[in-house]
1. Spot the failing condition for Val249; the list is (1) surrounded by fewer than 21 Cβ atoms within 10 Å (Cβ to Cβ); (2) outside the structural domain of Ala37 (by TED's automatic domain parsing); (3) more than 16 Å from Ala425 (Cα to Cα), and only one is missed.
2. State which residue pairs qualify: first residue assigned by TED's automatic domain parsing to the domain that holds Arg276 and without any contact (Cβ under 8 Å) to a residue 40 or more places away in the chain and inside region 213-239, second residue buried (at least 20 other Cβ atoms within 10 Å of the Cβ) and assigned to a strand (DSSP E or B) in any location, beta carbons under 9 Å apart, and separation of 6 or more residues or different chains.
3. So, in region 397-442, exactly how many residues are crowded, with 24+ Cβ neighbours inside 10 Å, assigned to a helix (DSSP H, G or I) and of a type in the set (Gly, Ala, Ser)?
4. Only residues that are under 18 Å from Ala352 (Cβ atoms) and of a type in the set (A, V, I, L, M): list them for region 315-330, please.
5. Just checking, how many residues over region 263-284 are touching a strand residue (DSSP E or B) at 6+ places or on another chain (Cβ under 7 Å) and outside any strand (DSSP E or B)?
6. With the requirement that a residue be hydroxyl-bearing (Ser, Thr, Tyr) and assigned to a helix (DSSP H, G or I), what does region 200-241 give you?
7. In region 193-200, is there at least one residue being surrounded by fewer than 16 Cβ atoms within 10 Å (Cβ to Cβ), basic (Lys, Arg) and more than 18 Å from Asp6 (Cβ to Cβ)?
8. Taking interchain pairs and intrachain pairs at least six residues apart, which have beta carbon atoms under 7 angstrom, with the first residue in region 148-174 and in contact (Cβ under 8 Å) with a residue 40 or more places away in the chain and the second in a strand (DSSP E or B) and surrounded by fewer than 20 Cβ atoms within 10 Å (Cβ to Cβ)?
Amino acid sequence: MIRAYDVAAVRAAEQVALADLPEGALMQRAAAGLATAVLAVLADVGRPAYGARVLLLIGPGDNGGDALLAGARLAARGARVEAGLAADRAHASGLAALRCARGRIVDAVGPADVVVDGLIGIGGRPGLCGRALALVRSVPPSVPVVAVDLPSAIDPVSGELAGGHVTPGLTVTFGAAKPALLLPPACRAAGRVRVVDIGLTLSQEAAVERLEAADLAARWPVPGADDDKYRRGVLGVVAGGPTYTGAAVLCTGAAVATGVGMVRYVGPPAPADLVRARWPEVVPGPGRVQAWLLGPGLDVEDEDQRAAVADALAGDLPCVVDAGALDLLPARRSAPALLTPHAGELTRLLQARGVDVQRPDVEAAPARYARLAAELTGATVLLKGAVTLVVQDGAPVRSQADGPHWLATAGSGDVLAGIAGALLAGGLSPLDAGTLAVAVHGAAGHLASAGGPVSASSVLAAVPDAVRELLTQRAASGRC
């Protein structure tokens, strides 16, 4: 699992480490890791260290000190290192080390093989201006950039962007990842992320988590010898209508493909006939269920459908609430619920609760508004996107980036909802059901795509193989 920690937690861990180390040792560890990463970037572009042109963009804080000390190490290896200063002052010992190693402080930026962004670190705010912005704009887009700890001018906690910012190919972060490196939109500007161990012990809870294959496999519900279809979970589905008949087919099929014990479909005749024709194992009509999936392709003008959704939401069973059912959600629901909006749907949900927000606001600060929706509704919020957030009030934000961009296609969300519903019926919490659904949906997208376009139907067909590959991790770990 990748864990990211708030600035306060990282600073507290640094203070503990500094108390036990000689002065400057922590920064030297960071500089050593940074220099190693820069050498690897140079090797990738076919340049040996000796004679390579390294440009440092230096701000006034410790972030600039890390870059200067790394530059001194690179200069000692024969690199031609130049530093452009964005302020009238810079880290004193870093400057001294660079000069001692025959690095140069320059007023005008020259050609470079690699650029090191040491302008602003975890104490920064979104947006660049003045000399810092001029320095960044002077870097040709073809030159690889390595960011020190964070790309300069992104919000380190929220991941929000504003104005000019650095867009590196690689971010070298120290001690632990910072939330912005996992949260959109900033995470899309961070490039690859490499965490350098500098000896910090993080005792506080992470702010953001990203589950990896072993974490996902350990949480996946696998039936035992004594399980029957009811113990494995029965999912009730209220979805589809005369206009979006395919939504019912896709979400019920995804639940079946995920391995739920049984699916019951409640809906109008047209989609019900299509569901039975495509998935004969789906049982039509109401009955005993352990969880509900509500909303994909829902005809909100159909009084019977609205009543079925309202009855489910008024009960005490866990629900996945998607698409049309989001508009029928009560102000707050005490029973477990997993909401699965995209940015536009989240905007409407918040507006209905008195929040003055527009879709561009949500897209600019998705973590902030997903948290707000979780607080207001008492539900777990799965905000869909290229990086999908799963937010439960009081828990670390889950940030998953598992699928190809080809998944942005009609019906893909119906497949995701079906997977989530199956996992919720199987006994997982909304937080885990949402996270695992996103990961398996993404893995199925990769299998279906193989580098090219996908349809929702092809993603659905790949779900069993995606689950099988995930459970291979579980078998390899010796879990039973």
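The values are calculated or read from the model by the stated rules, or taken from the named source; none is laboratory data. Computed from a predicted model, the values in this text were never measured in an experiment. When we count neighbours, we look across all protein chains shown, and the Cβ atoms used for this are built from the backbone with ideal geometry, even at glycine.
1. Condition not satisfied by Val249: (1).
2. Lys229/Met262
3. 11
4. Here is the first cut: in region 315-330, the residues under 18 Å from Ala352 (Cβ atoms) are 319, 321-330.
Across region 315-330, the qualifying residues are Val321, Ala323, Ala325, Leu326, Leu328, Leu329.
5. First, pick out the residues of region 263-284 that are touching a strand residue (DSSP E or B) at 6+ places or on another chain (Cβ under 7 Å): 263-267, 272, 275-276, 282-284.
Going one step further and asking which of them are outside any strand (DSSP E or B), we end up with 267, 272, 275-276, 282.
Within region 263-284, residues that are touching a strand residue (DSSP E or B) at 6+ places or on another chain (Cβ under 7 Å) and outside any strand (DSSP E or B) number 5.
6. Kept after step one, since they are hydroxyl-bearing (Ser, Thr, Tyr), are these residues of region 200-241: 201, 203, 230.
Selection gives Tyr230 alone.
7. Our first condition is that a residue be surrounded by fewer than 16 Cβ atoms within 10 Å (Cβ to Cβ); within region 193-200, this holds for 197, 199.
Of the ones still in play, those that are also basic (Lys, Arg) are none.
No, region 193-200 contains no residue that is surrounded by fewer than 16 Cβ atoms within 10 Å (Cβ to Cβ), basic (Lys, Arg) and more than 18 Å from Asp6 (Cβ to Cβ).
8. Close Cβ pairs (under 7 Å, with a partner that is in a strand (DSSP E or B) and surrounded by fewer than 20 Cβ atoms within 10 Å (Cβ to Cβ)) amount to Gly169/Arg192; Leu170/Arg192; Leu170/Arg194; Val172/Arg194; Val172/Val196; Phe174/Val196.
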